[in-house]
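The values are calculated or read from the model by the stated rules, or taken from the named source; none is laboratory data. Keep in mind that what you see is a predicted model, and the values were worked out from it rather than measured. Using ideal geometry, Cβ is built from the backbone for each residue, glycine included, and neighbour counts are taken over all protein chains shown.
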Amino acid sequence: MLRLFSVRLVSLGKVEIETDTKSENSKEVLSDLNIGSFSKRGPWVVDLDRMLWLPGIDSLRQRSRQEVPRLLRKRKYPPTSRALKVGTSLGLALLLWRIFERPKGNPTSRTGLSKRLKRSFELLGPTYVKLGQIVSSGEGIFPEELVREFKSLRDKVKAEDFSIVRQTLENELGAELEDVFSEFDTTPIAAASIAQVYFARLRTGEEVVVKVQRSTVSSLVSKDLAAMSWISPALVGRIPVTALANPPALVELFAETIVEELDFRLEAANMLDVARLLAQTDQRAIIVPRPHPKFVTRKMLVMERLTGFSWDDPESMKKAGIDTSKVLRAALVGFMEGAILFGIFHGDLHGGNLVVQPDGVVALFDYGITGRLTEKKRLAFLKLLMGGTVNDVRIQTEALRDLGALPEDTDIEVVIQDLGLDRPAKDPTQMSPEELTNEIRELTKALLGYGAKLPKELMLFIKNMIFLDSSIATLAPEIDLLSEISYLAGYFTTKHGARIAAEVGIDLRETPVDLNGVKGSLGLDSEIQSLTYSELRQRREIIRSRMEERNQKSKRPKLITRNR
């Protein structure tokens, strides 16, 4: 019998398909929650066959990756005008720092340099603001003063005039703004490097968030990356804030992320991929906003509006009856499962990209940076985490090699012996500043001798883990870290034990969890059975204060006595 279908998008994350026939009228209700981890009451349904922007997305992603080597190619001559502007701006910031803040010593010196670099990045425009955003989410990788200053670059950059935004939107829509939106708040809720974000309402009634690309970004990226790749080698070892990062590698990481971020169709596809893996692992405590089936283009992304408590506002969460420790655990498990089981994970976790709804469900935003692992690297990540769980140093070192952190021909046994990885760890709180400094220096020297480096995927993974680690301080400061690690090991054993055993040969169902490796990495005695995050912070503060004291002593003028 011939049927005529009329499709209407409705709430509750469902679509009603009204069926008109000569003999019957019926309604069939379909849900998109089997496709991805979305809100229960969505403004439209995610139907992959009806996402007009989705076909050909893999080819689009491949083309964007191929752009990176071209943009970073070695040039015989520098991109003069842009390189001159960048060099002048950064050089002036460093010069003023050397004159005014550096003589005062730490921490005034670090704070002053961080402020001047942030102002310089703002003046240099969207591309450098984006680089600052990456730095801002690197707690533990970069100095805390730099991270703190650069956090304002996440969503508090000077906004582009709305007349320009309107023009961009209308070009992407192929229609007048009023033809698509019944309401549009012209004041952005966030303004960052690549885009500005607005609240709006479609003429069909749905409340949405609209992300619009800045008009100058695309034209500046090519020039800026050329200038960055030319300048970055000269920054190695020149300024303190690059001590824990390789500037050329950071530029390469930045190029790989920003090129993909310039096409919002790729970001929308990332949203669907992360939502899918969350649904497949039944992690419904984390949800992804639905991208619109039609209104997604290279420069515009319309998505479902989700709101909640700020990630950095645990007091409001607790007043609402939310168990913040469970919120943190859900974020950690969801992130780890995505990486080690699917090879896909959100690559830019920070407080601005997470909100917690009144029911404790975490809404995760901003998918421009998404880690994607080859199968070899996914298995290496899995081996790295499982090797840590069973305290097998050899497995962990092999995993680092397979990730690309060590050359492929590295002799694992020699590395273990040279670095003393098979020896009991020393307690850093019991070491003098000189001993600790020497230990770090020797370790760094040895790693560089082996050709060690930090691959993009590992850098993103570590950066996210450091963010989640720092979140414990506000969301769950009194949890027992050792018990939590045991819980996570038990979770993965129960839920994924068979798969893990088949893929990397470590059967957690038969091999007991060994926390001695974790304790050793923290400098703890093997007899210690519990450690709260508050206690861990106290240990870190002891180390930090000792190193600070040593630095101050080294700057004091020495008295010289002469024999008369």
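Can you tell which of GLY404, GLY338, GLY347 is in contact with a strand residue (DSSP E or B) (Cβ under 7 Å, 6 or more places away or on another chain), more than 18 Å from ILE500 (Cα to Cα) and not hydroxyl-bearing (Ser, Thr, Tyr)?
Working: GLY404 fails: in contact with a strand residue (DSSP E or B) (Cβ under 7 Å, 6 or more places away or on another chain); GLY338 fails: more than 18 Å from ILE500 (Cα to Cα).
Selected residue: GLY347, the only one of GLY404, GLY338, GLY347 that is in contact with a strand residue (DSSP E or B) (Cβ under 7 Å, 6 or more places away or on another chain), more than 18 Å from ILE500 (Cα to Cα) and not hydroxyl-bearing (Ser, Thr, Tyr).
Checking the conditions here, which among ASP507, ASP480 is in the same structural domain as LYS383 (by TED's automatic domain parsing) and closer than 27 Å to SER534 by Cα?
Working: ASP507 fails: closer than 27 Å to SER534 by Cα.
Going through ASP507, ASP480 in turn, the sole match is ASP480.
State the number of residues belonging to the stretch 68-82 that are surrounded by 14 or more Cβ atoms within 10 Å (Cβ to Cβ) and over 19 Å from ILE258 (Cα atoms). Please lay out each step first, then the result.
First, the residues of the stretch 68-82 that are surrounded by 14 or more Cβ atoms within 10 Å (Cβ to Cβ): 68, 71-72, 78-79, 82.
This time we only want the ones that are over 19 Å from ILE258 (Cα atoms), so: 78-79.
Adding up the residues that qualify gives 2.
Quick one: in the stretch 395-417, which of the residues that are in contact (Cβ under 8 Å) with a residue 40 or more places away in the chain and either hydroxyl-bearing (Ser, Thr, Tyr) or touching a Pro at 6+ places or on another chain (Cβ under 7 Å) (or both) is nearest to LEU379 (Cα to Cα)?
Taking the candidates together, the pick is LEU403.
Check off (1) part of a helix (DSSP H, G or I); (2) surrounded by fewer than 22 Cβ atoms within 10 Å (Cβ to Cβ) for GLY321 and give me the number that stays unchecked.
So GLY321 meets the others, but not (1).
Which ones in the stretch 518-549 are modelled with pLDDT of 70 or more and of a type in the set (Asp, Glu)?
ASP525, GLU527, GLU535, GLU541
Given the options GLU398, GLU408, name the one that is part of a loop (DSSP other than H, G, I, E, B) and of a type outside the set (Phe, Trp, Tyr).
Details: GLU398 fails: part of a loop (DSSP other than H, G, I, E, B).
Going through GLU398, GLU408 in turn, the sole match is GLU408.
Report every pair of residues separated by at least 6 positions or lying on different chains whose Cβ atoms are under 7 Å apart, first residue within the stretch 99-111 and basic (Lys, Arg), second at pLDDT below 80.
So the pair list comes out as ARG110/PRO143; ARG110/PRO240.
Restricting attention to the stretch 351-371, and to residues there that are among the polar types (S, T, N, Q) and modelled with pLDDT under 95, which single residue is farthest from LEU468 (Cα to Cα)?
Pass one, the stretch 351-371, residues among the polar types (S, T, N, Q): 353, 357, 370.
Now restrict to residues that are modelled with pLDDT under 95: 353, 370.
Values: ASN353: 13, THR370: 17 Å.
Looking at the filtered set, the residue picked out is THR370.
Run THR108 past the list (1) at pLDDT below 85; (2) closer than 20 Å to LEU220 by Cα and report the number of the one that doesn't hold.
Exception for THR108: condition (2).
I need a count of the residues in the stretch 157-192 that are farther than 19 Å from PHE467 by Cβ and either of a type outside the set (Asp, Glu) or in the same structural domain as ILE466 (by TED's automatic domain parsing) (or both).
As a first pass, look at the stretch 157-192 and keep what is farther than 19 Å from PHE467 by Cβ: 157-189, 191.
Right, trim to either of a type outside the set (Asp, Glu) or in the same structural domain as ILE466 (by TED's automatic domain parsing) (or both) and you get 157-159, 162-169, 171, 173-175, 177, 180-182, 184, 186-189, 191.
Final tally of qualifying residues: 25.
Is at least one residue of the stretch 143-156 touching a helix residue (DSSP H, G or I) at 6+ places or on another chain (Cβ under 9 Å), over 30 Å from MET465 (Cβ atoms) and in a loop (DSSP other than H, G, I, E, B)?
Looking only at the stretch 143-156, we keep the residues that are touching a helix residue (DSSP H, G or I) at 6+ places or on another chain (Cβ under 9 Å), and these are 143-155.
So of that shortlist, the ones also over 30 Å from MET465 (Cβ atoms) come out as none.
The answer is no, given that none of the residues of the stretch 143-156 is touching a helix residue (DSSP H, G or I) at 6+ places or on another chain (Cβ under 9 Å), over 30 Å from MET465 (Cβ atoms) and in a loop (DSSP other than H, G, I, E, B).
Taking the stretch 492-517, which residues are under 11 Å from GLY387 (Cα atoms), at pLDDT 85 or above and either hydroxyl-bearing (Ser, Thr, Tyr) or in a helix (DSSP H, G or I) (or both)?
VAL504
For every residue, the table says whether it meets (1) more than 24 Å from LYS156 (Cβ to Cβ); (2) touching a residue at least 60 places away in the same chain (Cβ under 8 Å).
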position: ALA279; (1), (2): yes, yes
position: SER310; (1), (2): no, no
position: ALA320; (1), (2): yes, no
position: THR324; (1), (2): yes, yes
position: PHE335; (1), (2): yes, yes
position: GLY352; (1), (2): no, yes
position: GLY388; (1), (2): yes, yes
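Tell me whether the stretch 460-475 contains one or more residues that are buried (at least 16 other Cβ atoms within 10 Å of the Cβ), modelled with pLDDT of 85 or more and over 30 Å from SER545 (Cβ atoms).
no
For residues that are over 23 Å from the mean Cα position of the chain (by Cα) and modelled with pLDDT of 70 or more, scanning just the stretch 223-248, find the one that is nearest to VAL68 (Cα to Cα).
Ranking the candidates gives ALA226 first.
For the stretch 191-206, what are the residues that are assigned to a strand (DSSP E or B) and either farther than 24 Å from LEU153 by Cα or aromatic (Phe, Trp, Tyr) (or both)? Don't jump to the end; show me each part of the working.
Filtering the stretch 191-206 down to residues assigned to a strand (DSSP E or B) leaves 191, 195-202.
Within the stretch 191-206, TYR198, PHE199, ARG201, LEU202 qualify.
Quick check, is ASP411 touching a helix residue (DSSP H, G or I) at 6+ places or on another chain (Cβ under 6 Å), farther than 27 Å from LEU349 by Cα, of a type in the set (Asp, Glu) and surrounded by fewer than 17 Cβ atoms within 10 Å (Cβ to Cβ)? Full working, then the answer.
Values: touching a helix residue (DSSP H, G or I) at 6+ places or on another chain (Cβ under 6 Å): no; farther than 27 Å from LEU349 by Cα: yes; of a type in the set (Asp, Glu): yes; surrounded by fewer than 17 Cβ atoms within 10 Å (Cβ to Cβ): yes.
It is false that ASP411 is touching a helix residue (DSSP H, G or I) at 6+ places or on another chain (Cβ under 6 Å), farther than 27 Å from LEU349 by Cα, of a type in the set (Asp, Glu) and surrounded by fewer than 17 Cβ atoms within 10 Å (Cβ to Cβ).
Working carefully through the options GLY36, GLY42, find the one that is at pLDDT 95 or above, crowded, with 16+ Cβ neighbours inside 10 Å, closer than 21 Å to GLN357 by Cα and out of contact with any Ser or Thr (no Cβ under 6 Å at 6 or more places or on another chain).
Numbers: GLY42 fails: at pLDDT 95 or above.
Exactly one residue qualifies, and that residue is GLY36.
Filter the stretch 349-400 down to residues that are outside the structural domain of GLY490 (by TED's automatic domain parsing), buried (at least 23 other Cβ atoms within 10 Å of the Cβ) and more than 21 Å from the chain's Cα centre (by Cα), then give me how many there are.
0
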